[in-house]
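Worksheet: one structure, shown below.
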Amino acid sequence: MLNNLINRHDADRLMRKVRKLELDPVLAKLKVRGGARVVQHWSQVDPSLTEWWAIPSVIKRWNLLMTGDAETSFPEYVAAKHFAPRTDLRGLSLGCGTGGNELLWAKTGAFGLLEGVDVAQQRIDFATRSAAEAGLADVLRFRVTDVNRMTSDGERFDVLLGLQSLHHFDNLTETLPRLSQLIEPDGLFVIDEFVGPTRFQWTDAQLDAANTLLAQLPEDRRRLADGRIKHRVVRPSRLAMILDDPSEAVDAASLLPGLRRHFEVVEERPYGGTVLHIAFSGIAHNFRDEKPETLALLEKCFAAEDEALPEVGHDFTAMICKKRQA
């Protein structure tokens, strides 16, 4: 309806909230607009265990596809191949959130200073505490700022990190060239990103593959956190996406073409997610143990995505880029 501005699933969700008397949070969102809603959404610091990134075997799959070794993380791979022997790099991480990714990059030993910026104060406070607890306060620094303002201040970094944050940037045609101004002439732009459909408007082929996989999973593996059973993956309406977080995948389909256009790609490692990301959404907590039966089931899921990827393509990719020289 109206290019999926709204759909029948919106009505289903609304009725569930009515039955549970949970309308107040919905009405509250309607009162908060634009950037303030983004900040409100990202002020939560508790990690979700119901999404695919919470599954240890999924992380090993990422490693394998990004680095060629299930036990070698992307930060370790990049530090060894592209940063060494430097140990004094000055880096900036865009949209750092609670700082979990930045801890991993700081632990590579390649940075003299790694700064993370975000719009949500609660997340910056959490990241700052985490860095101190990890003994990395001398390497990691976090602050609240709008990245768009930094380009006018003349700041430059050896390494710019875009770690699941760039797909929250809008107007990428103008934003990506501005981001390049933050990188030293011989610096690197390191990216680990969602590059799939804008506002999660999943393709028909993608939905078919995910729902075929979901139908093959035992019912106990499809149980949502609230006890309901996940029966199928649906395409969220654009209105639902905007109400939840106006920045989520706001211009995501433009990200990969834009990166290739505005930067020199040194290395590109796509790692799927087109099927697994949406099939596991909301039910990943049922796959976090490493019992033999769970691992065997996950291998079947991985094989299903591998079979679908030639048709549906990759929704996630890791890249090493350089500034294009004028």
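All of the numbers you see were taken from the coordinates with simple rules; none came from a lab. These numbers were taken from a predicted model, which means no experiment stands behind them. For neighbour counting, all protein chains shown are included, and Cβ atoms are generated from backbone atoms with ideal geometry for every residue, glycine included.
Here are a few things to note about the model shown:
- FRET efficiency for the pair residue 265 and residue 219, taken as 1/(1 + (r/R0)^6) with r the Cβ-Cβ distance and R0 = 35 Å, rounds to 0.20.
- Considering only segment 41-323, percent of DSSP beta bridges that pair antiparallel, nearest 5: 40
- Karplus-based coupling profile of segment 208-216, in residue order and whole Hz: 4, 5, 5, 6, 5, 5, 4, 5, 8, with θ = phi - 60° in 6.51 cos²θ - 1.76 cosθ + 1.60 and x standing for Gly or Pro.
- The chain: angle of helix 292-312 to the longest principal axis, Cα-based, in degrees nearest 10: 80
- Amide proton proximity set for residue 316, modelled H, under 5 Å, gap of 5+: 195, 271, 272, 274
- The ellipsoid equivalent to the alpha-carbon distribution of segment 41-323 has semi-axes of 31, 21, 19 angstrom, derived from the gyration tensor eigenvalues as √(5λ) and listed largest first.
- The string of couplings for segment 253-268 from the Karplus curve (6.51, -1.76, 1.60, θ = phi - 60°) is 5, 8, 5, 5, x, x, 4, 5, 6, 9, 10, 8, 7, 7, 8, 9 Hz, one whole number per residue in order, with x for Gly and Pro.
- With each label modelled as a point 7 angstrom along the Cα→C-beta vector, the residue 171-residue 324 pair spans 2.0 nm.
- Size of electric dipole in the chain: Cβ of Lys, Arg +1 and of Asp, Glu -1, about Cα centre, debye, nearest 20: 960
- A simple spin-label model places the labels of residue 290 and residue 53 2.1 nm from each other, with each point 7 Å out along Cα-to-Cβ.
- Using alpha-carbon coordinates, inclination of helix 56-67 to the longest axis of the chain, degrees: 50
- Nearest-ten-degree value, helix 8-19 long axis tilted from longest Cα axis of the chain: 80
- Its DSSP H runs of at least 4 residues, each contributing -39,500 (n - 2.57), put the calculated 222 nm mean residue ellipticity of the chain at -11500 deg cm²/dmol, to the nearest 500.
- Label-to-label distance, nm, for residues given as residue 226 and residue 181 (7 Å Cα→Cβ offset): 4.5
- Distant-in-sequence amide H partners of residue 142 (H built 1.01 Å from N, under 5 Å): 116
- Remark: the residue 87-residue 208 segment gains 38.9 nm on full extension, using 0.36 nm per residue and subtracting the alpha carbon distance.
- For the pair residue 198 and residue 303, the difference between a 0.36 nm per residue extended length and the Cα-Cα distance amounts to 35.2 nm.
- Between residue 188 and 159, 160, the built amide H atoms are under 5 Å apart, and every one of these is 5 or more places off in sequence or on another chain.
- ³J(HN,Hα), Karplus 6.51/-1.76/1.60, whole Hz, each residue of segment 167-182, x for Gly, Pro: 6, 9, 8, 9, 6, 5, 4, 9, 5, 4, x, 5, 4, 4, 5, 7
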